[in-house]
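Worksheet for the structure shown next.
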Amino acid sequence: MKILIAEDDSLILKTIELCLKRDGFEIICCMDGLDAMEKIESLQPDLIIVDIMLPYFSGLEIVGKVKQFKNPIPVIVISAMGQQSVVEEAMKLGADEYISKPFNIAALTAHIKRLTSTEAIPA
Amino acid sequence: MILLDTNFDDTFARYVKPVYLYSASVVFILLTATLVIATFNTLYVKKKKNCFKKSIEKSLEDWITEVIINESSVGVAIPENIQDLFKKPEARQLVIDELVRNKSSFLGIVSENIIKLYYKLGLNVDSRIKLDDRRTHIQCQGIHELGVMEQKDQLQKVYRFTNSKDKDVRIEAQTAVLQWYGFKGLRFLDVVSYPITEFQQLKLLELLRQLPFTGFSKLDKWLTSSNDTVVSFALKLAEHYKQVQVHKEAEQCLQHPNEAVRVQAVKTLAKIGDSKTADLLTLAYNKERFTNRLNILKELPKIAGDDQRDFLIIQLHEGHEYLKLAAAKVLAHCTAEGMEILEAKSYDTPIPYKEIFLHVKAEAAR
């Protein structure tokens with residue numbers, strides 16, 4: 001299971017990466033929206049975790065693009081506190097789940113498992 | 001004219017001699033050189049600091065991440081190279097910054113481990129020392145670090161800063177106390193004598209919004225505080241948390257000498273008021289100035305009814321056009337025949353009532 005994480009804070013990115021790697025996921029890390037878009041197209045991850053605030057392409061733009069794919073990839077949006085309106089916009093664009101900072105890694109893993117198991121049903 | 005020219009030439013020749021020009025050029029060149037050297041030196045120092053930061057950032061980041069995701073991080077050993085780094089204050093501050101940033105993003109085991117690491121490395125001492133610094137921005141930094149890292153044992157010291165004469169220090173300290181104790185932390189309102197700015201009030205409300213509501217112990221006392229901003233903030237708390245038991249105290253705020261408090265009292269009463277509140281607001285209306293009159297008319301739709309019809313019809317004929325429009329909106333929204341009254345008025349006196357009627361009608365149709 002390949003998961004792409006797009007987060008511009010290296011420490012947060014590394015923490016999520018190590019936690020998910022420990023749970024057996026293969027992780028692709030990106031620190032900006034442009035890199036994320038390139039890797040999404042070339043590496044075809046099974047799930048995307050994207051921070052709303054990213055350089056070059058925002059999390060919202062990534063959600064919008066990904067949801068136009070023929071086989072849309074499930075997306076979890078990470079938002080900061082008080083970004084409720086942006087979260088609503090992301091959900092309207094097709095984001096599958098959102099999680100607000102501060103968040104529990106266990107909650108993130110639960111979202112991932114739920115989304116990937118749902119995705120597995122049609123296949 | 002000729003005489004003037006001659007005088008000027010003489011003066012020019014006396015003072016602007018080649019030797020003076022030479023000296024001036026030397027001074028100018030020296031100044032420029034000093035400036036260039038100083039600029040390069042500053043840039044060099046900055047670059048050196050940046051390089052140092054980057055060089056240690058990577059190794060620290062990897063180690064911190066390994067530790068904070070580890071479920072049994074209590075007995076974690078600190079590698080020698082990291083121990084050496086910790087002798088440098090810049091490195092210690094860098095770790096504090098990283099931990100504080102990460103602590104704000106995570107909950108659960110990761111968050112707990114970050115606090116344990118902060119303790120283990122003795123970084124809480126660094127933050128505590130900042131409280132004694134004379135520079136207020138350093139004090140703010142220390143309070144922020146202790147607040148995020150849940151260092152509740154520092155309450156006594158931080159609590160004193162909730163009434164600091166420096167605005168930023170106050171904001172940080174009040175935020176920290178609330179982060180630690182939630183609604184109980186609001187007890188600083190008992191003693192705060194400096195203003196709580198509008199921004200700080202919003203910040204505190206936002207912080208409280210994320211915490212489980214446990215009630216207010218002294219809301220009635222805060223509503224009679226000698227600090228006007230405390231009264232305003234208490235009114236906001238009563239409004240947001242629908243504290244109907246302080247209805248009487250909120251009513252008294254309608255007579256407060258500070259207009260900002262009266263404006264907030266109207267908003268609060270519109271939320272927590274009873275059947276008599278609309279009459280109270282219409283009574284207060286006549287003593288008010290434009291801002292609060294408009295405010296009352298904007299809040300009335302939440303509580304007004306047919307009993308306020310006569311008052312609204314009077315306002316429809318008096319005062320500023322904005323007040324007439326606001327009164328017309330309440331009349332149409334809250335009274336049984338409000339729209340008909342407005343329509344009849346628009347035929348009787350088309351200017352300005354036709355426009356007002358069409359505006360209200362269009363708004364009602366939306």
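The values are calculated or read from the model by the stated rules, or taken from the named source; none is laboratory data. Here the structure is a predicted model, which means the values were calculated and not measured. Counting neighbours? That spans all protein chains shown, and the Cβs are built from the backbone with ideal geometry, glycine included. Remember, those area values only see protein heavy atoms, side chains included, never the ligands or the DNA or RNA. Shrake-Rupley method; radii C 1.70, N 1.55, O 1.52, S 1.80 Å.
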(request) Based solely on C-alpha atoms, express the radius of gyration and the Dmax of the protein assembly as shown in angstrom. (result) 32.1, 105
(request) With a 1.4 Å probe on protein heavy atoms only, work out how much accessible surface B and A bury together, total over both chains, in Å² to the nearest 100. (result) 1600
(message) Let me confirm one metric for peptide B:153-162, namely the mean number of other chain beta-carbon atoms within 10 Å of its residues' beta-carbons.
(response) 0
(request) For the protein assembly as shown, build the charge dipole from Cβ charges (+1 Lys, Arg; -1 Asp, Glu) around the Cα centre, then report which of B:Ile109, A:Ser117, B:Ala260 sits farthest towards its positive end. (result) B:Ile109
(request) Whole Å is fine, so just give me how far the alpha carbon centre of segment A:5-67 lies from that of segment B:260-279. (result) 49
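Compare the peptides A:39-45, A:96-102, B:146-152 by average per-residue count of other Cβ atoms within 10 angstrom and give them in order, highest first. Before the final figure, lay out the partial values.
Numbers: A:39-45: 14.4, A:96-102: 18.1, B:146-152: 21.3.
Going by the mean number of other Cβ atoms within 10 Å, highest first, we get B:146-152, A:96-102, A:39-45.
Note down the net charge around B:Lys276, summing +1 for each Lys or Arg and -1 for each Asp or Glu among other residues with Cβ under 13 Å from its Cβ.
Neighbour charge sum, excluding B:Lys276 itself: -3.
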(request) Filter the GluC sites (Glu not before Pro) in segment B:310-366 to those in DSSP coil with at most 12 other Cβ atoms within 10 Å of their Cβ, and list the result. (result) B:Glu318
(request) Taking a cut-off of 19 Å between Cα atoms, list the lysines near B:Lys184, but don't count ones fewer than 8 places away on the same chain. (result) B:Lys152, B:Lys157, B:Lys203, B:Lys218, B:Lys221, B:Lys236, B:Lys242
(message) Can you return the lysines within cross-link range of B:Lys58? Criterion is Cα-Cα under 18 Å, with same-chain partners fewer than 8 residues away left out.
(response) A:Lys14, B:Lys47, B:Lys48, B:Lys49, B:Lys87, B:Lys88
(message) With every protein chain kept in place and ligands, DNA and RNA left out, what is the accessible area per residue of the protein assembly as shown? Probe 1.4 Å, answer in Å².
(response) 55
(request) Express the C-alpha Rg of segment A:2-113 as a ratio against the empirical globular expectation 2.2 N^0.38 Å, rounded to two decimals. (result) 0.94
(message) Eigenvalues of the Cα gyration tensor times 5, then square-rooted: what semi-axes does that give for chain B, in whole angstrom, largest first?
(response) 57, 42, 20
(message) If the elastic network links every pair of Cα atoms under 10 Å, which of A:Ala36, A:Ala90, A:Ala107 fluctuates the most in the Gaussian network model of chain A?
(response) A:Ala107
(message) Given the options B:Leu283, B:Ala332, B:Pro18, identify the residue whose Cα lies farthest towards the positive end of the charge dipole of chain B (+1 on Cβ of Lys, Arg; -1 on Cβ of Asp, Glu).
(response) B:Pro18
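If I take R0 = 60 Å and measure r between the Cβ atoms of B:Thr11 and A:Ser117 in this structure, what FRET efficiency does the formula 1/(1 + (r/R0)^6) give, to the nearest 0.05?
FRET efficiency, B:Thr11 to A:Ser117: 0.05.
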(request) Taking the Cα centre of segment B:219-274 as origin, work out the dipole magnitude from +1 charges on Lys and Arg Cβ and -1 charges on Asp and Glu Cβ, in debye rounded to 20. (result) 140
(request) Have a look at segment B:97-143 and report residues whose accessible surface goes down by 40 Å² or more when the remaining protein chains are included, against the chain on its own, probe 1.4 Å, ligands and DNA/RNA excluded. (result) B:Arg101, B:Asn102, B:Ser105, B:Phe106, B:Leu107
(request) Taking 7 Å along the Cα-to-C-beta vector as the label spot, tell me the A:Lys92-B:Cys51 distance in nanometres, rounded to one decimal. (result) 5.0
(message) Please report the carbon-and-sulfur percent of the accessible area for the protein assembly as shown; probe 1.4 Å, protein heavy atoms only, DNA, RNA and ligands left out.
(response) 57
(request) With a 1.4 Å probe and every protein chain left in place, tell me how much accessible area A:Asp32 has, in Å² to the nearest 10. (result) 40
(request) Could you please tell me the mean projected area of the C-alpha convex hull for segment B:311-364, averaged over all directions and given in square nanometres to one decimal? (result) 3.1
